[in-house]
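*Asks:* What follows is a single structure, and I will ask about it in a moment.
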Amino acid sequence: MTHDDLSMDKAFCLHCKHLSSAQLHICPVCNEPLRQRKKNSISRTWALSLAALCFFIPANIFPIMKTLSITTYENNTILDGVFYFYKNGEFFVGTVVFIASIFIPAVKMLVLFFLLLSVKIGSRWRREEKNSLYKAIHLIGRWSMLDIFVIGLMVSLVQFGEIAVVTTGYAAPSFAAMVILTLLATESFDTRLLWDEKGKK
Amino acid sequence: MNENDALPRGLRKEERGISLVWVAPIVAILITAGIIWESYINAGARITIVIENGEGIKDGKTAIMYKGIKIGVVEDIRIMPDDVSMLEITALIDKESSDGITREGNQFWKVAPKVSITEVSGLDTIISGVYIAVMPAANSNEELMSRPYQDHFIALDSPPVDIFDPGLSLIVSAADKGDVSIGAPVLYKKQAIGIVEDKKLSTDGEGVDLYLRIQSRYADLIHEKSVFSKMDALQVKASLSGLTLKMGSFTSFLSGGINVSNTQDTFASPKVKQKQLFSLFESFEESLLAEDEVHLNMKEGSHKLEAGLSKVYYRGVEAGLVSALAYDLTKEETQVQLKLHKEFRVLANKKAYFWLVEPKIGFDHVEGLDTIIRGNYINFTTSDTKAKPKRAFTLNDKKPQREGVQVLLHARNLDNIQEEMGVFYHGLEIGLVSSYAISKEKQSFIIELVIEPQYRKLLNASSLFCHKSGFELKAGLDGVELKSGSLETIVRGGIAIETPNFQADARLKKSYKLYGSDAELRKAEYLSKKGIFLSLIADKLGSLKEGSPLYYKQIRVGEVVSYKWNTQTKNVLIDIFIIDEYANEIHEDTLFYNASGLNASFSLSGLEINMESLETIMSGGISFYTPVSLEAKTARNHEQFPLYGSKDAAMNQYKDVTLYAKDSYGLIAGNTVMYKSVAVGHIESVSLNKEGVALHLKINSRHADLIKEDTLFWSEVFEVSLQGVKNFSAALKGTYIVIEPGNSGNKGEYFHLMPKKPVAHFKEKGLRVVVQAQRLGGIQENTPLYYRQLRIGSVSQYRLSDDATGVDIEVFVEPCYAHLVRANSYFYNASGISVDLSLSGAKIETESLESILTGGIGVATPDDAAEQAKDSQLFVLHDEIDKKALKWAPKLYSSDPMCE
Amino acid sequence: MHDDPSAKEIHCPRCDNCVRKKSCPLAFSLGLAIAALIMFIPAISLPILTFELGNDAQQGTTLSALYYFYNDGYPELSLLVFLTTVLAPFVQIIISLLLYFPLNRNIKPKQMKIYFKILYHVRHWVMLDIYVIAVLITYIKLSAISELLYGAGIVMFVFLMLFSFMLRYCFSATALWKAYHDAR
């Protein structure tokens, strides 16, 4: 109850990490509006996660990169790129790409949905672990951008006219959008909601 | 909820109402739906193509190409559900192209690399992979779009007609389909201008109609008078003057082809319309033949002509061919039908004369030699080209009488002179013998020649005539006739004309003397020149003959006039003539030698060919060498000289040496004798005697000094063994004898031949000690002896010790190092490598790189060196070097002043 | 305000999240910002990798990737890459300079609130570290095909990434506001 007491009349400014009285509307240190919880955290997270999920599908089934050469015309999806590395024995790199491009976004969305549902039902089960889970996805989420950068580099390096050209596939914007949306969704979630008890305002 | 609203803003957990952020998933759904719509529903048109052979087609990869650009991709390929013999391709056509592609009548076909014996095509697909090409049904957009929609197509087996270049289609009727196949090229000046699209039996069943398609841009080349003929894949033209081989394009070689030829009047003729009919000639030449035939009849004799092959010539120019042969039983005559070229047809007129040319080979007479290669042919000529053409002629078997300048010759003997025999000027036939008769006084013959008028100027009062027969035909000092003369003139005999002086009276003599032989003529000719005659005495004539040239410093200075056998001396006496200006070069020391043929010497250093001139290869020749001598007298007329068989023989006087050996070791007469790799002589003969073999050597007198009483002779035989290849040069030159000259002052003549090179340093001064070893190890002859890793000697020989407990190795120490080997010296085996594996790594010690390969013996002398070792002193060979021995460093000085 | 912010880290007793973080000295952060600024221009403009195919060679810089994305009809990707690898690091460096420089000299930056807000948000969009890994992966991917050379840019880029990373690591909201309030 002490914790709840603490949260009742105190507000922690996320910007300047200053704890002040919740009655103040403005943080005395940084002049930012004071909130006990992130603004519209739950609905924002829901919206952004669902939007990301929408993009997850085209991002993975459509080619993200096209390879044109004298011998081949290939549309590569993200999974093709992963298989390419596995086929060539580059298991480590293949795994990195797989984790960064498929595993992380998927896990991120799953985790977010899980956390949102937890908040919804007011589950008090393993709140510390859930918090750690959030911290993990927050930390690794950025790495999904890896694939976009790799494509950018490939496209700018492999430009050899008739012989070999790499161009961007139309799944790339979807993928980028998915990554950005998951980043924003993660950012908008407030872990403190996990400790808020249902019905208790 | 109300409670939440009541809270100050800072404490609110959730705002009320629907947040604006929900726009994000809505937009996401819309975009995703859009992408899916774009890529699936709105991506373009899906068409199905039924194809027989799906080889090389890959779903997702194989492109649909139109004019070389990709307009779609094969999405799926599968066996047709209702027909297992066919495959069904589902292809996705790009949106922008889909409208035009899904039209009725569009044609699809697979482009794959095709390399068959009749076709090479689609080579680009080797790299790019198989693709499916499309040809629209119409060549304009409006027309194409007006066609009904269609999305199911059946692929063609072969490329369709290019709608944008439909070309000119023509029908060429041929007697038979021959070797022209579909896809064969139509060529104009070897440039492909179209293809044979199809061939069908003509409606009347008489022949075959070939359907050609000429590319539009070449359509202008085809006129009504254009000639279509079968392409000769391989044209072989052979004659005495050579062989020409012409090959058409590779494709036409395999699949035949049709050649389009235009003559000058072709372009004047009107252009053709589509589907114009032409007829196909067997060859371009056939198209030139006149329509009507000329009939010849021949009473007797075999003609050996072949219909369709045998040619007809007009004065040597091809003028037609024999089209048919028949034998008329009632008239008992052979009938020959000719087809002449249009322009030659008029020449077969009332004044024309046809005769058969066939080879006539007698002992002295060969005629129509070219027919051996060309086959018998018919020649014709006409004395009046304007005469009225005629159809029937007689085929004669003799040439027509020639007209020309008459020349009379008188000869004592007729020899083999016959009518029709040729008259040659330097190998050029300028006329022939027309007749001969016995003179009125019955002492000689009168021979009448007919010289062709254009050669009249070659004759004048100074002309000489000589009877030639068979291969003896030669004329002139310059002898160019061998290069320029045709085979016919060499083989055939005849009368040769020589005009030594063109400044002489141009009028012909009333009668000329016919010299019976070349020599007679030559003598007569030389008598008119200045020079000297010499006689050479030779063992044999070789390839010399009358007229063979005489060279001095490769300048032609004379020639062989005649030769005869001297019954008394059993020699050949050769009379030669030398032009006066070179006569002074010959004096009593001059060496004459036979310079016939090629003198090629082949050695490891290369091939060297010596010859006086090209002519000497053919006809032999004589050359001479005159040493510088102030006292020698200039040769007199008819002086006698010996003729050496070769230049070497002339230059060298040999010293005779006889070797005795147990075996000939493969040596045969002609093998060389070498000294320091220089040939100093050769083996004259090899004979057997009681004890073995006797080899008779001829050592060049220049090298006679090498032969002393103690000279060594041994044979060098090419050997291949595990130790390597020995005497490789003997493999090329053949086994040879090597000599090692002696030091003795006395000369010798009889020697022993050693089977192989004697032990090293056989005769050298130096120290020889014997080292006793348990085993021979890697030691061989010439294995080096090292002192402080410096080579001071070598193993000269080795043998099993007398009691067979070890090996006695005789080591030769060079004289300058003899003082290093002392009575207490330590010998060790330095063969191979001693590898010392220690904690610090491998340490490899070796006396020298050579010792790794061939082994070696080391010697070390202790600090308290004893007296110098004596010859044949015994030492023990230690297997390993004593570590102490490495530290020994006695100061040893040589007493021999020569070694300073 | 209450105590020395760099003295210790404070963690939330409930969720163990870090509430207050140790800070590096302001001068150190300023040094990092200056160093990063020096590295910035060569890092993004020098070729990072050079790919050779036959006689032809293609140099890839950060900026050329933007160009090709734009050229292929994906301006949004171009913008995203620009944002994460060029603009965000640049803004991070510049704002850091604008903040740390006066604070280091005990002067209150005029637009502290705006600067701070920008810096606070831009941190998440600096993805230089990911970009370096992407270069590595591209290298592995392409080196199997043909000759691939490291350009000078990669060295600069790695340094820029390190400085930027440390700048982010050293960012401490508490410390900054304390310095602000302590300044004159």
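*Asks:* Restricting the search to segment B:272-300, which residues are surrounded by fewer than 13 Cβ atoms within 10 Å (Cβ to Cβ) and of a type in the set (A, V, I, L, M)?
*Replies:* B:277
*Asks:* State all residues of segment A:114-147 that are over 30 Å from residue C:69 (Cβ atoms) and small (Gly, Ala, Ser); if no residue qualifies, say none. Don't jump to the end; show me each part of the working.
*Replies:* Step one: of segment A:114-147, the residues over 30 Å from residue C:69 (Cβ atoms) are A:114-136.
A:118, A:122, A:123, A:132, A:136, listed by residue number.
*Asks:* Is at least one residue of segment A:115-129 closer than 27 Å to residue C:138 by Cβ, under 20 Å from the mean Cα position of the chain (by Cα) and at pLDDT 85 or above?
*Replies:* no
*Asks:* Within the bounds of segment B:839-848, is there any residue that is at pLDDT 50 or above and in the same structural domain as residue B:780 (by TED's automatic domain parsing)?
*Replies:* There is at least one residue in segment B:839-848 that is at pLDDT 50 or above and in the same structural domain as residue B:780 (by TED's automatic domain parsing).
*Asks:* Among the listed residues B:769, B:795, identify the single one that is over 12 Å from residue B:869 (Cβ atoms) and not polar (S, T, N, Q).
*Replies:* Result of the check over B:769, B:795: B:795.
*Asks:* Considering segment A:76-90 alone, what residues qualify as being outside any helix (DSSP H, G or I) and either surrounded by 14 or more Cβ atoms within 10 Å (Cβ to Cβ) or modelled with pLDDT of 80 or more (or both)?
*Replies:* Result: A:76, A:77, A:90.
*Asks:* Go through (1) in contact with a Lys or Arg (Cβ under 7 Å, 6 or more places away or on another chain); (2) modelled with pLDDT under 75 for residue B:549 and report which single condition fails.
*Replies:* Against the list (1) in contact with a Lys or Arg (Cβ under 7 Å, 6 or more places away or on another chain); (2) modelled with pLDDT under 75, residue B:549 comes up short only on (2).
*Asks:* Being surrounded by 15 or more Cβ atoms within 10 Å (Cβ to Cβ), assigned by TED's automatic domain parsing to the domain that holds residue B:535 and at pLDDT 60 or above is true for just one of B:638, B:587. Which residue is that?
*Replies:* Within the list B:638, B:587, the selection yields B:587.
*Asks:* Restricted to segment A:146-186, and to residues that are free of Cβ contacts under 8 Å to residues at least 40 places away in the same chain and more than 14 Å from residue C:58 (Cα to Cα), which residue is surrounded by the most Cβ atoms within 10 Å (Cβ to Cβ)?
*Replies:* A:148
*Asks:* Any chance you could count how many residues in segment B:78-99 are surrounded by 18 or more Cβ atoms within 10 Å (Cβ to Cβ) and in a strand (DSSP E or B)?
*Replies:* 6
*Asks:* While we're here: Can you tell me which residue among C:133, C:118, C:94, C:140 is within 15 Å of the chain's Cα centre (by Cα), surrounded by fewer than 23 Cβ atoms within 10 Å (Cβ to Cβ) and within 8 Å of chain A (Cβ to nearest Cβ)?
*Replies:* Result of the check over C:133, C:118, C:94, C:140: C:133.
*Asks:* Now for a different question. Look through B:24, B:33 and report the one residue that is facing chain A (nearest Cβ under 9 Å) and at pLDDT 80 or above.
*Replies:* B:33
*Asks:* Being over 21 Å from residue A:188 (Cα atoms), outside the structural domain of residue A:134 (by TED's automatic domain parsing) and in a loop (DSSP other than H, G, I, E, B) is the filter here, so list the residues in segment A:10-68 that pass it.
*Replies:* Across segment A:10-68, the qualifying residues are A:23, A:24, A:28, A:29.
*Asks:* Still on this structure: Regarding segment B:509-518, can at least one residue be identified that is at pLDDT below 75 and either assigned by TED's automatic domain parsing to the domain that holds residue B:575 or crowded, with 18+ Cβ neighbours inside 10 Å (or both)?
*Replies:* Looking for residues that are at pLDDT below 75 and either assigned by TED's automatic domain parsing to the domain that holds residue B:575 or crowded, with 18+ Cβ neighbours inside 10 Å (or both), one finds at least one in segment B:509-518, hence yes.
*Asks:* When you go through (1) at pLDDT 60 or above; (2) within 43 Å of the chain's Cα centre (by Cα); (3) surrounded by 14 or more Cβ atoms within 10 Å (Cβ to Cβ); (4) not assigned by TED's automatic domain parsing to the domain that holds residue B:332 one by one for residue B:303, which number turns out not to apply?
*Replies:* All conditions pass for residue B:303, except number (4).
*Asks:* Counting just the residues of segment A:23-44 that are within 7 Å of another protein chain (Cβ to nearest Cβ) and polar (S, T, N, Q), which one comes out nearest to residue A:117 (Cα to Cα)?
*Replies:* Only one residue fits best here, namely A:43.
*Asks:* Can you confirm whether segment C:108-117 contains a residue that is among the polar types (S, T, N, Q) and in contact (Cβ under 8 Å) with a residue 24 or more places away in the chain?
*Replies:* no
*Asks:* With C:116, C:157 as the choices, which residue is more than 29 Å from residue C:180 (Cα to Cα) and either of a type in the set (A, V, I, L, M, F, W, C) or touching a Cys at 6+ places or on another chain (Cβ under 7 Å) (or both)?
*Replies:* Only one candidate qualifies: C:157.
*Asks:* Pull up segment B:862-900, narrow it to residues that are acidic (Asp, Glu) and at pLDDT 80 or above, then point me to the one that is nearest to the chain's Cα centre (by Cα).
*Replies:* Start the filter on segment B:862-900 by keeping residues that are acidic (Asp, Glu), which leaves B:863-864, B:867, B:871, B:879-880, B:882, B:896, B:900.
Subsequent filtering for residues that are at pLDDT 80 or above retains B:863-864, B:867, B:871.
Details: B:863: 72, B:864: 74, B:867: 72, B:871: 64 Å.
Per the criteria, the residue is B:871.
*Asks:* While we're here: Tell me, yes or no, whether segment B:442-460 has at least one residue that is touching a residue at least 40 places away in the same chain (Cβ under 8 Å), in a loop (DSSP other than H, G, I, E, B), out of contact with any strand residue (DSSP E or B) (no Cβ under 9 Å at 6 or more places or on another chain) and closer than 19 Å to residue B:509 by Cα.
*Replies:* Yes, segment B:442-460 contains at least one residue that is touching a residue at least 40 places away in the same chain (Cβ under 8 Å), in a loop (DSSP other than H, G, I, E, B), out of contact with any strand residue (DSSP E or B) (no Cβ under 9 Å at 6 or more places or on another chain) and closer than 19 Å to residue B:509 by Cα.
*Asks:* Further question on the same structure: Checking the conditions here, which among B:697, B:643 is more than 25 Å from residue B:757 (Cβ to Cβ) and surrounded by 16 or more Cβ atoms within 10 Å (Cβ to Cβ)?
*Replies:* Values: B:697 fails: more than 25 Å from residue B:757 (Cβ to Cβ).
From the options B:697, B:643, the qualifying one is B:643.
*Asks:* Of the residues C:99, C:87, which single one is over 13 Å from the mean Cα position of the chain (by Cα) and part of a helix (DSSP H, G or I)?
*Replies:* Testing whether each residue is over 13 Å from the mean Cα position of the chain (by Cα) and part of a helix (DSSP H, G or I) leaves just C:99.
*Asks:* A further question on this structure: Go through segment B:263-284 and give me each residue that's in contact with a Leu (Cβ under 7 Å, 6 or more places away or on another chain) and among the aromatic types (Phe, Trp, Tyr).
*Replies:* B:278
The values are calculated or read from the model by the stated rules, or taken from the named source; none is laboratory data. Fair warning: this is a prediction, and the values are worked out from it, not measured in the lab. Virtual Cβ from ideal backbone geometry, glycine too; neighbours counted across all protein chains shown.
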